[in-house]
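Note sheet for the following structure.
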Amino acid sequence: MFAALKLTDVTLHYLGVQSGWNERVNIRSLTIAPSDEAETLDVDLDADLNGTPLQISGEIARPPHNGPLQNGAFELALTFPGIDSKISGRINTSTAYAGVEGELELSSGSLAQALASSGLTSEVDGQVDASWKLSGTLESLSISDIEINFTSRHSDKVTITGAIENANLDPFVDLSFNALLAPFVSAESELAIEILALAGEIYGPLNDLAIRNAQVKTNAAILDIETIRPISVGHIVKSEDGRVGLQELTINNGTVGGPNLTLTGQIDDVIALDGITLTGRFEYPVSFFLNANREPLPDLGTLAGQIELSDSDSWFALNTFKAAVEGSDLLDFSFDLTVPELRRVDELKFATEFAIPDPAAVVELVSGATSEAIPEITFSGQSSLQSGELGFFGEFVSGSSAIKADLNVGQKPETSTWLLSGDIGSEALNLSELSGLAQLAELGFEGSETGIEITDSDASQFAASIHVAAKSLVAGKKKAGDISANVHFGDEVLSIVDLALAYIGGRVGGDLGFNFKTEPPVVSIKGRMEKFPLKNLMNELCLTAPISSTVYASLVLHGETRSLDAFLDTLNGKMTTSLWGDVFRTV
């Protein structure tokens with residue numbers, strides 16, 4: 001090793017034509033000369049990186065008798081706008097390629113300034129503290145024990161740890177990252193979706209980087225993603241305005257035959273997470289919705305859809321999120337959702353349609369049990385979510401029965417109780433057509449692992465206030481019409497008030513209540529029967545009417561609901577009946 005060296009006007013140039021990198025280091029002078037102390041050499045570098053001044057100064061052990069240096073100490077300091085750095089360790093020049101063992105410490109009070117000094121652009125700014133160790137030869141240098149900590153001006157915290165092998169010639173990256181992001185949106189944006197945390201591993205050579213075991217945490221439970229992998233990167237590029245981006249970004253998550261997601265795209269600014277464009281496809285076997293523990297049932301098909309995300313001009317939009325069932329003759333289902341800005345969401349709306357031509361076949365396929373015939377089921381409607389309230393509007397049809405609903409679910413002010421409110425109406429309901437639907441509803445709740453139990457605590461946090469109306473109701477050979485009522489539930493009491501219906505020529509009106517606070521629950525009835533033809537009423541009881549009078553009645557009754565016998569045994573109250581018109585026949 002030489003004891004003195006001077007270089008001037010040396011240029012190092014790295015040009016990546018396709019990726020946009022064009023970096024230039026101009027060394028105006030590099031001087032290594034004996035210091036005032038006999039055992040060291042002074043080192044001074046005066047250079048610039050892409051036009052930004054760069055200075056390195058320090059000292060290195062002087063080789064004995066101008067021979068090779070073995071385990072010689074060195075300590076250097078770097079001066080660069082936005083960065084304070086020092087490196088110290090030991091060097092060995094007795095081999096063909098000099099060996100280095102050392103440690104670097106770096107600090108920057110402004111990430112944006114440090115990147116700008118390097119010719120890169122960043123709208124993200126904050127404090128950076130970093131350190132890592134160097135070992136190996138100048139031909140094959142390893143960087144280990146990397147620890148980089150960043151705290152942004154908005155209190156985001158990012159930690160990067162790991163190692164880089166063969167750093168100087170053909171780097172192989174093995175890094176882990178963990179980012180905790182501060183809230184972005186205001187309190188008024190209750191529906192906004194925020195990314196709260198990111199974590200994962202960056203692995204592979206620079207020309208084929210992959211992201212493994214990625215985890216994304218959001219404030220929307222439905223979007224929580226435990227693990228996404230693998231994520232690969234085709235190119236790390238630099239734009240004309242100095243931003244670092246990722247191209248040919250590919251995300252694959254899931255397994256063939258099971259839930260899976262594939263996304264491709266790019267990120268224009270990986271530091272600011274800006275300029276994101278991702279498009280792709282997802283698949284989810286329908287049988288997994290009914291019971292996640294079941295084996296896939298191909299006859300039910302797969303919910304397959306398209307997704308497109310983009311981020312430009314500070315807007316992060318879910319441009320496309322739609323899906324439909326494919327590969328099944330048993331189900332026809334589709335939905336379509338668009339969110340103009342995920343970070344500032346005032347309202348979510350999506351249209352949904354589904355049809356089950358043969359519900360009994362679905363029941364038998366999933367449950368293995370024989371099912372009675374169930375008429376075709378269809379639904380067409382729209383759902384919305386705004387300001388903490390879920391809205392639902394649509395029409396459900398089973399056979400000749402059609403039910404229209406306009407409902408909302410939201411939290412009651414200053415309480416923890418959720419209120420279901422709105423209207424349910426129908427032109428015609430046939431209970432015999434609707435009875436088989438219970439079998440379908442049970443499919444997703446079989447088995448101990450997926451069973452649902454409603455506790456007293458659950459019931460106390462739910463309330464309902466719904467207006468119900470139907471022009472006709474058929475049960476077997478029985479038929480009622482002009483039905484209306486207001487249904488209320490709260491504090492473990494179910495009330496059906498202002499009930500009115502027409503039946504066998506007369507009308508019934510009144511209130512019906514179920515008190516679930518008591519054990520057993522108690523039912524109370526308060527109502528009035530008007531203008532019932534006695535003949536019709538006796539025929540319903542399979543009796544013969546002695547006269548053709550008109551019946552009026554009022555009643556106030558209550559009893560226990562354990563069974564019909566228990567209700568009759570505990571029935572209490574009063575009932576008043578009167579007959580109007582006609583006379584008793586004489587023999």
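No value in this document is a laboratory result; all are computed from the given coordinates. This one's a predicted model, so the numbers in the text were calculated from it and none came from an experiment. Because the Cβ atoms are built from the backbone with ideal geometry, glycine has one as well, and the counts that use them run over all protein chains shown.
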### Task
Report the extension gain between Lys412 and Ser367 in nm, rounded to one decimal, defined as 0.36 nm multiplied by the number of residues separating them, less their alpha carbon distance.
12.3 nm
#### Entry: Summed side-chain charge close to Leu106 - residues other than Leu106 whose Cβ falls under 12 Å, Lys, Arg +1, Asp, Glu -1
-4
### Message
For a quick check of your reading of the filter: which chymotrypsin sites (Phe, Trp or Tyr not before Pro) in region 1-105 sit in a DSSP loop and have no more than 16 other Cβ atoms within 10 Å?
### Response
Phe2, Tyr97
### Query
Under a point spin-label approximation (7 Å from Cα along Cα-to-Cβ), what is the Glu139-His467 distance to one decimal in nm?
8.8 nm
#### Entry: Within-13-Å neighbourhood charge of Ala480 [Cβ basis; K, R +1; D, E -1]
+3
### Query
Roughly speaking, what is the stretch gain from Thr151 to Ser578, that is 0.36 nm per residue apart minus the C-alpha to C-alpha distance, in nm to one decimal?
145.3 nm
### Task
Tell me, rounded to the nearest percent, the portion of alpha carbon pairs in region 5-184 spaced more than 21 Å apart.
60 percent
## Note on the structure
Of the listed pairs Lys322/Lys412; Lys6/Lys133; Lys477/Lys531, those with alpha carbons more than 23 Å apart are Lys322/Lys412; Lys6/Lys133
### Query
Given a Förster radius of 25 Å and the C-beta distance between Glu37 and Tyr97 as r, what FRET efficiency does 1/(1 + (r/R0)^6) yield to the nearest 0.05?
0.35
### Task
Return the distance in nm (one decimal) between the two label points of a simple spin-label model at Asn486 and Glu376, each offset 7 Å from Cα along Cα→Cβ.
3.9 nm
### Query
Can you give me the Cα centroid spacing of region 405-425 and region 228-289 in angstrom?
38 Å
### Query
Near Phe393, within a Cβ-to-Cβ distance under 11 Å, what is the net charge of the other residues, with Lys and Arg +1 and Asp and Glu -1?
-1
### Task
Subtract the Cα-Cα distance of Leu15 and Ala351 from 0.36 nm times their separation in residues, and report this length gain in nm to one decimal.
115.9 nm
### Query
What FRET efficiency, computed as 1/(1 + (r/R0)^6) with R0 = 35 Å and r the Cβ-Cβ distance, is obtained for Leu557 and Ser334, rounded to the nearest 0.05?
0.10
#### Entry: Point-to-point label distance, Asn260-Ser524, nm (Cα→Cβ direction, 7 Å offset)
6.1 nm
